[in-house]
Structure formats: structure tokens, C-alpha cells
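Structure record follows, encoded as C-alpha cells.
What follows draws every value from the coordinates through simple rules; no lab data is involved. On a predicted model such as this, the values are computed, not experimentally measured, just so you know. Cβ coordinates were reconstructed from backbone atoms using ideal geometry, including for glycine residues, and neighbour counts include every protein chain displayed.
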Amino acid sequence: MWSPIRCAFLALPLLALAAACGGGGGGSSGGGGGVPPTPTPTPAPTPALQGSMTLATGGSVAAGFTYANAPGGSSLVFSCGCSAQAGSGALAADSTYTLPASSPATPAAPNPTYTMVPGRNYVVVATAPTHAESWNLEFFGAIPAHNVDLGSVRGRSDVYTAAGTLYVFNFAAGTLADTAYDDWNLNTVLAWVNQMRTTPNAAETTLLNDIAAAQAAGTTLFPQAPGWSAGAATNATIKADLNAVHSSGDAALPTPCPLTGAGGSPNCAGAPPT
């Protein structure tokens, strides 16, 4: 950010020399140089998670999937996996969401407010009244322009974003207890998801087809109960599919970031900028 530089006036015998300096150089043509006025800073956009949610109504990898917007009012939960709480909200009438940094927590204890931290990944799940779920994984930037997610269209979920997010959700447990989903480089997860969009292997194809079938049938996708809802229903088929994908040998499969430093913090080289 430009800021004026202090100017020093030197008194010399018989001649007073005034030296003036400012950003970009250049003085006025009328004689005395001057310090330009300090520009008014432009407020940075307020950070928020944004996106829209769709649900598969049918189809397959081979034939293509059909989609409908998730209903307005569908409940939202979002979490970095850093604790046993999540943030909560709801979809707007057009299936979109804008989630501020602070939201009501679920469950409401020990902290009634869930606060997101820029630079972390958040699993976002929308649940329709039919119990069908839409999933996406989003990197929360310090400004909205830095947000990144798994969608082929910015912020928009589909069967493929659900597959990538479910994989991270399922295999994040046990990596680092304090930053579970943030132990993963979202750009690496996105590269794998984009590969699945064109050349999924057999195990990945099964997972994608089963996700679409579950969404069309209004069945949960959770392979295991989340920390914020220990009694949640789970889907054994999706759990088995994820394990099969994990063992499928796809070289593009993402892995948690390596740990570095005395504190064992994840080193996610190449991750999106905060």
C-alpha cells in the first residue's frame, strides 16, 4: 500500500533548500514540491463462503447425470473438522448460500457461535426436506475472490463435488485432530475431481453412480457420523465405495499434506492463496 514519505527540510547558510518527495515522484510546476494527500483506502470485500447446491435426479456416468436445484430452505452445515461443532444456515430460494464468517453453531455447546478461519477448507452439506444431500468442499479465502471449491462452475455442487468431498471427509479422520479437512490441499483434490469428470476408473464410476442414486432416492451420503452429529444415519454403500476407490490405485488420488516443523503443521504446498 502507498504511503507518503516524510520530507526533511535542510537549512543551509544563505539558501533554504526544501526537498519534497512522494509516491511516484514528480512535483508541482508552480514551484514548491508537495506531499500528495493520503488516498482513501478501499474496504476489502467481507469474507464469506458462497455457492449453490444441486441434487442429481437420475442418470449415470455413462449416460450423464440430470440435476435439479436443492430446495430453498434446505438446511446447511459446514465444518473444517477442527472440532465437534459445525456452522449452520439455510439455502436461499434459488438454492444459493452466502455464509458469513460467524454463524450459529450446531450443536450450540460449548460455543453458540461457529467462526470460520480464512485459509481453511470447509465441508459444506445441504440437506433437503427429502433428506437428499448435496456436498461440496470449499476453501475459505480472506476475500470472496479467493474462495475455491470442487465445482466445474464456481461454487456449484454436483455428483463429482460430492465424491471429492466425501473422500476427504471419510479419510480425514485420524490425520490431525485439530484441522482435519484442512490437512488437504484443495487444488490437489480438485485435480482428482476434474480427472474423474473425464476418465473415472471402475471404482470411481461406481461411487459416482451410487451418489446419484442416493440423491435421487433421498438417502443420506454420510459414510460415517460427523463429529457434530454423532447419532446421524450413515450409508454403508457409500462407505464401501470410498474404501474401494481408496484401494483402486488411481495415481491422482489426493492425500493429506505432509507434516513439517516442530508442531507438526501441514505443509500444503501449492494450496490456494488465503
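Between amide H atoms placed 1.01 Å from N, distances below 5 Å from LEU150 occur with LEU137, all of them 5 or more places distant or on a separate chain. Computed from phi, the 3J(HN,Hα) profile of region 157-164 under the Karplus parametrisation 6.51, -1.76, 1.60 (θ = phi - 60°) reads 7, 7, 4, 6, 5, 5, 4, x Hz, with x in place of Gly and Pro.
The packing ranking, built from the mean of other Cβ atoms within 10 Å per residue, places the peptides 88-95, 227-234 in the order 88-95, 227-234, highest first. Between ALA236 and ALA48, the modelled label-to-label distance comes to 4.3 nm, taking each label 7 Å out from Cα in the direction of the beta carbon. Label sites at ALA93 and ALA213, each approximated as a point 7 angstrom past Cα along Cα to Cβ, lie 3.7 nm apart. The local environment of CYS257, defined by Cβ-Cβ distances under 12 Å, has a net charge of -2 under the rule Lys, Arg +1 and Asp, Glu -1. Each of LEU99, LEU137 was scored by other Cβ atoms within 10 Å of its Cβ. Listed from fewest to most, they are LEU99, LEU137.
Can you work out the FRET efficiency for the pair LEU259 and HIS146, with r the C-beta to C-beta distance and R0 = 35 Å, to the nearest 0.05?
Details: r = 24 Å, r/R0 = 0.70.
After rounding to 0.05, the efficiency reads 0.90.
Could you work out the local net charge near VAL61, counting Lys and Arg as +1, Asp and Glu as -1, over the other residues with Cβ closer than 14 Å to its Cβ?
Working: positive: ARG197; negative: ASP158, GLU204, ASP210, ASP241.
Overall, the nearby charge balance is -3.
Close amide-amide hydrogen proximity is noted between SER265 and THR260, each under 5 Å apart and 5 or more residues distant or on a separate chain (H modeled in the peptide plane; Pro and chain starts excluded).
Of the residues HIS131, HIS146, the one with the fewest other Cβ atoms within 10 Å heads the list, and the complete ranking is HIS131, HIS146. Between THR130 and ASN194, the simple label model (points 7 Å from Cα in the Cβ direction) yields a spacing of 3.2 nm. Here the Karplus relation 6.51 cos²θ - 1.76 cosθ + 1.60, evaluated at θ = phi - 60°, turns the backbone of region 60-77 into coupling constants of 7, 4, 5, 9, x, 9, 9, 9, 9, 4, 5, x, x, x, 4, 6, 10, 10 Hz, with x for every Gly and Pro. Between TYR67 and THR57, the built amide H atoms are under 5 Å apart, and every one of these is 5 or more places off in sequence or on another chain. Considering only alpha-carbon pairs that sit under 8 angstrom and 6 or more positions apart, the relative contact order computed for region 48-262 is 21 percent.
Extension gain for SER229-SER248 works out to 3.8 nm (0.36 nm per residue, less the C-alpha to C-alpha distance).
Given the Cα-Cα distance of ARG154 and THR115 and 0.36 nm per residue of separation, how much length would full extension add, in nm?
11.7 nm
Converting phi to 3J(HN,Hα) with the Karplus coefficients 6.51, -1.76 and 1.60 and the offset θ = phi - 60°, region 223-238 yields x, 8, 5, x, x, 7, 8, 4, x, 5, 5, 10, 10, 5, 5, 5 Hz in sequence order, with x at every glycine or proline.
Could you work out the equivalent-ellipsoid semi-axes for region 48-262, taking the square root of 5 times each eigenvalue of the Cα gyration tensor, largest first, in whole Å? Walk me through the numbers before you get to the answer.
Details: eigenvalues 112, 86, 54 Å².
That gives 24, 21, 16 Å for the three semi-axes.
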